[in-house]
Amino acid sequence: MNPADLSIRDAGARLRDGRLSAVGLAEAHLERIAARDGAYHAFVTVTAERALEDAERADRDLSEGRDHGPLHGIPVALKDLIDTAGIRTTSGSRQFLEHVPSTDAAVAARLRAAGAVLVGKTMTYEFALVGPSFDLPFEASRNPWNTDHITGGSSSGSAAAVAGGLVRTSIGTDTGGSIRSPAGYCGVVGLKPTYERVSRAGVFPLSPSLDHVGPISASVADAALTLDAISDAGAATRLDEDITGRTIAYARAWFATSSEADPAVIAAMDDAASALSLCGARIEEIDMPDYDLFEAAGAVILQAEALEVHRQMLAQSPERYGRLAYQNLLTGLAIEPAEVDLARRVAADLALRLRGEVFGRFDAMITANTLTPALPFAAFDGVNSVWTHMRTFPFNVTGNPVLAVPIGFSNGLPLGMQIVGREGDEAGICSIGSAFERATDHSVQRPPRLGRDD
Amino acid sequence: MDEQSLRSAVLAAAKARGIVIADGALPGVLKGAAWLKDCVAQLKQASTSK
């Protein structure tokens, strides 16, 4: 087996018993990137020199008895919205084309302290806003399952890198679904933690009230171990638990009654609910507060906050934005402060209802991730925004942790489910996701090979 | 809010922030702004119907 395909646990075991070196593992990933990324465009910057330095240090530390934990010697990639000292961090924009931070973001520093090996910075929609764009000095990432289709975003490169086998784990950000929707479209695992579980220091903000930082990884265990390296979540502490007797609410009407829902998504979600039931969980369909209300509250808060974040650049260097991001940011001009206050009050009320009506009765909740498979690039013209339907935004508004897992395919493109937990219960949703993964084969599916490498 | 009022409100908010909206961008901005105003209307309705 190519070392680049080893899980974090398996690679870690080999690093510790001497069957594999961190340098050898880093080289395997760098070779993968060189062979495949011309088709995927997952990376903005490949940090080969830094990766080999990190790997040499990881090997030296292990040989001298300094073990920094599960990510020691493991290659990782960071969304290019996350500051890395001495490494260009563009936020996917001409505004920051030559921006080289002097310090690491908190999450980058945690990964370095955990012994991880940085192989590069991954593509993001411009400032984590909208895409794909075709007027920027970056190629849009392509879906490894079918490169004629989008990855979704905004953590587009992080998801493409994992799906394409370039890394096992990466870091993304999520303000309205930007970890979960690309994870879903690319058939990998995304973990949006509880609000403020992971430090946002040194991550360029989109909407500080809604921004989350978390992993996109090849499996639930890989995601949980990555989250534990950048936080004190303890997400990997219950991965092997039996979930018999767990109560799981199924918010089926939330997506199944939508005219936008692909029938394949509804069928795959019903199959996933059945699989969890066969694992011993007790599944009960529930009615949820109006989805549109969550989206309305989130959108008003997001656009108002994003406008203020970008106010100076919009006034001083508007020509450096791509068209989609520029237009999107300016929509916030329509929002008045009292309307933002109203949105915050409604959001707080919805969070309270979710806490009482759902998590007062159930251990977790499941619902669809995106309502369709990834759209083709041909559906986007780079001038007009195209709405890609999903059910992710409510949990940025409420702050609950969500695990996104693959649940099957439609015409060769992945479909996904969200497992939502109580605030702070990343370990609970990861145990459910892990049981689901053991009971199904969705997470071990890999995209078609490109035919010119291993 | 009607289209003309929305246009005036957006342009006034831009001017107050020192932002000049680029040629050709206004229709796209107004389309998104109108959707956001629909969101606000939903929030107001939910707030008053509690």
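The values are calculated or read from the model by the stated rules, or taken from the named source; none is laboratory data. Only a predicted model underlies this, so the values are computations on that prediction, with no experimental measurement involved. We place every Cβ from the backbone using ideal geometry, glycine too, and count neighbours over all the protein chains shown.
Numbers below:
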item: Tally of residues being hydroxyl-bearing (Ser, Thr, Tyr), within 18 Å of A:ALA13 (Cβ to Cβ) and not in a helix (DSSP H, G or I) across the range A:30-76; result: 0
item: The listed residue being more than 14 Å from chain B (Cβ to nearest Cβ) and either over 22 Å from A:THR194 (Cα atoms) or assigned to a strand (DSSP E or B) (or both), out of A:GLU284, A:GLU339, A:GLU357; result: A:GLU284
item: Single condition A:PRO289 does not satisfy, out of (1) within 14 Å of chain B (Cβ to nearest Cβ); (2) outside any loop (DSSP other than H, G, I, E, B); (3) surrounded by fewer than 22 Cβ atoms within 10 Å (Cβ to Cβ); result: (2)
item: Enumeration of residues in the range A:409-454 that are touching a Ser or Thr at 6+ places or on another chain (Cβ under 6 Å), farther than 23 Å from A:ASP270 by Cα and not in a helix (DSSP H, G or I); result: A:GLU423, A:GLY424
item: Residue within the range A:126-146 that is touching a Leu at 6+ places or on another chain (Cβ under 8 Å), in contact (Cβ under 8 Å) with a residue 60 or more places away in the chain and within 22 Å of A:ALA48 (Cβ to Cβ) present; result: no
item: Lone unmet requirement of (1) over 19 Å from A:ARG57 (Cβ atoms); (2) assigned to a loop (DSSP other than H, G, I, E, B) for A:GLN95; result: (2)
item: Tally, over the range B:1-49, of residues that are within 7 Å of chain A (Cβ to nearest Cβ), at pLDDT below 95, assigned to a helix (DSSP H, G or I) and surrounded by fewer than 19 Cβ atoms within 10 Å (Cβ to Cβ); result: 1
item: Total residues in the range A:267-291, condition touching a helix residue (DSSP H, G or I) at 6+ places or on another chain (Cβ under 6 Å) and either without any contact (Cβ under 8 Å) to a residue 24 or more places away in the chain or closer than 15 Å to A:PHE395 by Cβ (or both); result: 3
item: Evaluation of A:ARG19 against (1) touching a strand residue (DSSP E or B) at 6+ places or on another chain (Cβ under 7 Å); (2) surrounded by fewer than 18 Cβ atoms within 10 Å (Cβ to Cβ); (3) more than 30 Å from A:THR147 (Cβ to Cβ) (one fails), failing number; result: (1)
item: Close pairs (9 angstrom Cβ cut-off, 6 or more residues apart or separate chains): at pLDDT 95 or above and surrounded by fewer than 17 Cβ atoms within 10 Å (Cβ to Cβ) in the range A:50-62, of a type outside the set (Gly, Ala, Ser) and assigned to a helix (DSSP H, G or I) anywhere; result: A:GLU56/A:VAL23
item: Members of the range A:116-135 found to be in contact with a Gly (Cβ under 6 Å, 6 or more places away or on another chain), assigned to a loop (DSSP other than H, G, I, E, B) and crowded, with 24+ Cβ neighbours inside 10 Å, listed by number; result: A:MET123, A:THR124, A:TYR125, A:GLY131
item: Top-ranked residue of the range A:166-203 - restricted to ones that are surrounded by fewer than 24 Cβ atoms within 10 Å (Cβ to Cβ) and on the phi > 0 side of the Ramachandran plot, ranked as farthest from the chain's Cα centre (by Cα); result: A:GLY202
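Yes or no, residue by residue, for (1) more than 14 Å from chain B (Cβ to nearest Cβ); (2) among the aromatic types (Phe, Trp, Tyr); (3) over 16 Å from A:PHE294 (Cα atoms):
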site	(1), (2), (3)
A:PRO376	yes, no, yes
A:ASP381	no, no, yes
A:VAL386	no, no, yes
A:MET390	yes, no, no
A:ASN396	yes, no, no
A:GLY399	yes, no, no
A:ALA404	yes, no, yes
A:PHE409	yes, yes, yes
